[in-house]
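Structure first, then comments.
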Amino acid sequence: MAHVLMAVTGADAIALTDGTSHPTGFWAEELIELHRGLVAAGHQVDVATPGGVRPTVDPGSLSGDSADGLREDLAVIDDLLAHPRALADVGDGEYDAIALPGGHGPMVDLAVDADLGRLLIDAVDRDAVVGVLCHGPAGLLSAVREDGSFAFAGRRLAVFTDDEERQGGLGDGSPYLVETRLRELGAIVEPGEPWSVTVVTDGSLVSGQNPQSSVATAQRLVEVLATR
């Protein structure tokens, strides 16, 4: 059994390029499916956020025909979400794996969180498993070493693409594009078609492109953990 830290955004709003504020948080389906897949495989999952704040679900992720089911799923794990650890209190090497679900929230806080960066750099250095999904890879942006190098430079990954951001995300209102930022730092983004189920595995790094990839990303993460 692996002990997995799910690092979740604590942001509830994102500033758009026009100066307005847009509600955000974590994407319900992504967190639920990652948690469901890991727990079903026998792994223990803890949640941590910046400052230990209770994470907010992105209201946009609770719309449509699946909304009631997602709310029921969130209610089942409400105690886990209600009492997260603070990322600052998590020690290096304490967890076997780190998982980052998406929503636009990670662009706000996880992308610049020094404690998450510390934990991710430690994970890379000891080849621990890191799983990221959709906008979750924004959290990888925090993993810059003291010498200025990016801990995930040269690593292959999937992320919510710039095309998807323009087609069905924040569009021109997005303060930055996560795919572009990752490429600029030296990551090798391997995009699938917009809205396709796309998962990329590069050794201990597992990444999924979008909400459609949630279940497949959880399955691949479990498969990689089984080899450790």
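The values are calculated or read from the model by the stated rules, or taken from the named source; none is laboratory data. All values reported here derive from a predicted model rather than from experimental measurement. Virtual Cβ from ideal backbone geometry, glycine too; neighbours counted across all protein chains shown. Surface areas here come from the heavy atoms of the whole protein model, side chains and all, with no ligands, DNA or RNA. Shrake-Rupley method; radii C 1.70, N 1.55, O 1.52, S 1.80 Å.
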(request) Please state which one of Ile98, Ile77 is hydrophobic (A, V, I, L, M, F, W, C) and within 17 Å of the chain's Cα centre (by Cα). (result) Ile98
(request) Would you point out the residue of the range 15-34, among those that are within 21 Å of Gln209 (Cα to Cα) and part of a loop (DSSP other than H, G, I, E, B), that is most open to solvent (accessible area, probe 1.4 Å)? (result) Trp27
(message) Just to be sure before I move on: is Asp79 among the acidic types (Asp, Glu) and assigned to a strand (DSSP E or B) in the structure I sent?
(response) no
(message) I need every pair where a residue in the range 21-43 that is aliphatic (A, V, I, L, M) has its Cβ under 6 Å from the Cβ of a residue that is at pLDDT 95 or above and part of a helix (DSSP H, G or I), sequence separation at least 6 or different chains.
(response) Ala28/Ser61; Ala28/Leu62; Ala28/Leu70; Ile32/Asp73; Leu34/Ala218; Ala41/Val222
(request) For the range 187-216, enumerate the residues that are of a type in the set (Val, Ile, Thr), touching a helix residue (DSSP H, G or I) at 6+ places or on another chain (Cβ under 7 Å) and within 20 Å of Glu33 (Cα to Cα). (result) Val197, Thr198, Val199, Thr201, Val206, Val215
(message) Checking the structure you have, find out if any residue of the range 117-130 is open to solvent by 10 Å² or more (accessible area, probe 1.4 Å), outside any loop (DSSP other than H, G, I, E, B), in contact with a helix residue (DSSP H, G or I) (Cβ under 6 Å, 6 or more places away or on another chain) and farther than 17 Å from Phe26 by Cα.
(response) no
(message) If Gly64 satisfies all but one of (1) closer than 19 Å to Gly168 by Cα; (2) assigned to a loop (DSSP other than H, G, I, E, B); (3) in contact (Cβ under 8 Å) with a residue 24 or more places away in the chain; (4) open to solvent by 10 Å² or more (accessible area, probe 1.4 Å), what's the number of the condition it fails?
(response) (3)
(message) Just to be sure before I move on: is Asp12 under 13 Å from Pro106 (Cα atoms), in contact (Cβ under 8 Å) with a residue 40 or more places away in the chain and open to solvent by 70 Å² or more (accessible area, probe 1.4 Å) in the structure I sent?
(response) yes
